[in-house]
Each structure stands twice: as structure tokens, then as C-alpha cells.
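Have a look at the structure below, then the notes.
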Amino acid sequence: MAATAVSFLSCTIPKLSSTKFNSFIFVTHFPPPFSSTSLSVATATNADKLSNVLSFRLTKSRKSRRNPTPPVAAMIYPQNPVLSDIFANLFSGIVALSVLRFWEETAKRDLFDQKLNRKLVHISIGLVFMLCWPLFSSGYRGAILAAITPGVNIIRMLLIGSGIWKDEATVKSMSRYGDYRELLKGPLYYATTITVACVVYWRTSPIAVAAICNLCAGDGIADIVGRRFGKQKLPYNRDKSIAGSVAMATAGFVASVGFMYYFAHFGYIQESWEMALGFLIVSLASAVVESLPISTELDDNLTVTLTSIFVGSLVF
């Protein structure tokens, strides 16, 4: 049958060379029905389908954790992403500064104990700033512009902590003992953590959520609860209490799950029980490391952050 077809074409088009003939057959999509070429194509097609099925199954769990191409969501001006990101940066900066100024005023007026006021700053600033993330675009530009606000605070902590810039209200609201040099430790690590979470992980990664929530909510609540109800100390660290460690793990986990649903609402990640379990593991690990004596010597803002990122990289 195939030989007859070839003879017929050869008679009909006598000047058609073998190269042109093959080109003609390919272009008009009339290959021999049982040729090696058609069998190879069929085999490759089936292999591709099988590969796609296996790839889908292997990556199904990871796709359930994050959405690499989230929707526009809450952008201020979707038609112009650059302008929208600029407005989002200004708005988030104003919000973060307003919250900070509020706690500075409470510190000036001595409305709260200095240590409590400091922890209220610690808890609120990072979480409120993270609430503004949906305002930015989904690309890398959005992450960079979002990181400007905490990045400015890094410079601010360096200037105030080194004594170049005098700001007694900031020192009083962020330091334990009123020493401006304290800002070069905990507050500087705090601002650096949020900046890194923006630039490296951003809102499509549960690692960013875990790092910020355990640093802000977890570590902040641990100190408040530990001071009030921490009569029973840990056997391996008399500076830490059982109540404080339990409160830290609980607060970090609850805040992480809350932001999981918050970002899932905008389509950045896909909530799941698997992700919630991962948040629980990260929060427990962060609470254990925070309870160790090494966290007192270094700074729990540093050790909690590093633990959250390391364990988060393993479970997510």
C-alpha cells in the first residue's frame, strides 16, 4: 500500500527530489501509517503523558503549599504595577511608622511598664507590616519595594544604636534598660529578619510566615506570659519558664495559621492540614531553641529566626 502511494506520487511529480518529498510529506501531515517515525512520535507522546502524570503526582503536595503565580489580589492600582507598588510602599511605611509612634507615645507617658511596652512593639510592628503585603505586586519588584520599609529601619537602628542619631523615644520603647547600644542587637536582628523574609521568601512561602510569626507573636507573648505566670522554671534554664515556652509555641503557631488563611484568601498560598502541621513543628522547634541558655547569650531574635528558617526549609 505504501509502495503504491510512493509510485503514484513519483509519477505525478517526477521532478520532486527525496528531500522535497520528505518535506512535502511532513508539511501536509501524511506520514506512512506504520512507519518508524510515526511509532517514535506515538511512543514519545505516550512517554510525555506518563511523565506529566508522574510529575503532577510528585509535585502535588508542593503545589498545595504555595501558588507561584498568585493573582493581582489587593493591589492599589492593578493597571500600573509600578505605580501601585510605590503607593503600597508609602502606605505600608506610614502604617508601620504610625504603630511605632503610638508605642513611643505610650512609652513617653509611662502608660505601660517599659518591658511590656517594648514587647508590645515587638509583637505588633512585624505582624501589622505583614498585613500590608497583599498591596504589592506578585513579582520580584513587589518584594523589593516591600522590603524598603524594614530596610530603612535597619539603617535607623544602626544610626541610633551607634549614637549618631539621638532618639530617646525609640530607645525607651525598644531597649530593655534604656541603653541606645541595645538597638544594635535585638531590634537590629528584628528589622533584618523581616527584610530578609520579604526579599528571599516573600508572601508565597510559608517560611516567611513562620519566621515572622514566631519572632513577633511567639517570642513577644512568651516574655509577657513568662513574667506574669512563669513561676515554674525550666530545669535546664532558670531564666526561662514552662509557661513562657508553652505560650511561645502556641502564639507562634496560632499566628502562623492565621496568616496562612489570610494569604490563602488572596491566592498566594493554598492552606492545608499539611502546612498547619509544618507550622506546628516550626513553632515547637523555635520555642525549644528560645528556651536554651544559648538564646540568652546570643539574642533570641537571632536564634528564633535562624531556627524558623532552618526547620521551615526542612518541613515546607
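The values are calculated or read from the model by the stated rules, or taken from the named source; none is laboratory data. For clarity, every value in this text was computed on a predicted model and none was experimentally measured. A quick note on method: Cβ atoms are made from the backbone with ideal geometry, for glycine too, and the neighbour counts reach across all protein chains shown. With ligands, DNA and RNA removed, areas are computed over all heavy atoms of the protein, side chains included. Shrake-Rupley method; radii C 1.70, N 1.55, O 1.52, S 1.80 Å.
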Next item on the list: Could you run the Karplus curve 6.51 cos²θ - 1.76 cosθ + 1.60 with θ = phi - 60° over the range 185-190 and give me ³J(HN,Hα) per residue in whole Hz, x for Gly and Pro?
Entry: 10, x, x, 5, 4, 4
Notebook entry, point to check: Ranked from highest to lowest mean number of other Cβ atoms within 10 Å per residue, what is the order of the peptides 283-291, 145-153, 230-238?
Noted result: 283-291, 145-153, 230-238
Margin query: Check which residues have an amide H placed less than 5 Å from residue 175's amide H, if you skip close sequence neighbours.
Written below: none
Check: Going highest first, how would you order 184-190, 272-278 by mean Cβ packing within 10 Å?
Finding: 184-190, 272-278
Checklist line | Estimated inter-spin distance, residue 112 and residue 158, nm [label 7 Å along Cα→Cβ] | finding: 2.9 nm
Item checked: In sequence order, calculated HN-Hα J values of the range 107-123 (Karplus, 6.51, -1.76, 1.60; Hz; x Gly/Pro) -> 5, 4, 8, 6, 6, 10, 4, 4, 5, 5, 4, 4, 6, 5, 4, 4, 6
Check: Stokes-Einstein D for the range 204-315 at 20 °C, 1.002 mPa s, Kirkwood Rh over Cα pairs, in µm²/s?
Finding: 156 µm²/s
Next item on the list: Could you look at the range 270-310 and say what percent of its accessible area is carbon and sulfur, using a 1.4 Å probe and all protein chains?
Entry: 77 percent
Next item on the list: Measure off 7 Å from each Cα along the Cα-to-Cβ vector at residue 83 and residue 196, then give the distance between these two points in nanometres to one decimal.
Entry: 3.7 nm
Item checked: Long-range HN-HN contacts of residue 239 with modeled amide H, under 5 Å -> none
Check: With θ set to phi - 60° and the Karplus curve 6.51 cos²θ - 1.76 cosθ + 1.60, what are the ³J(HN,Hα) couplings of the range 216-226 in order, to the nearest whole Hz, using x for Gly and Pro?
Finding: 7, 5, x, 5, x, 5, 4, 5, 5, 5, x
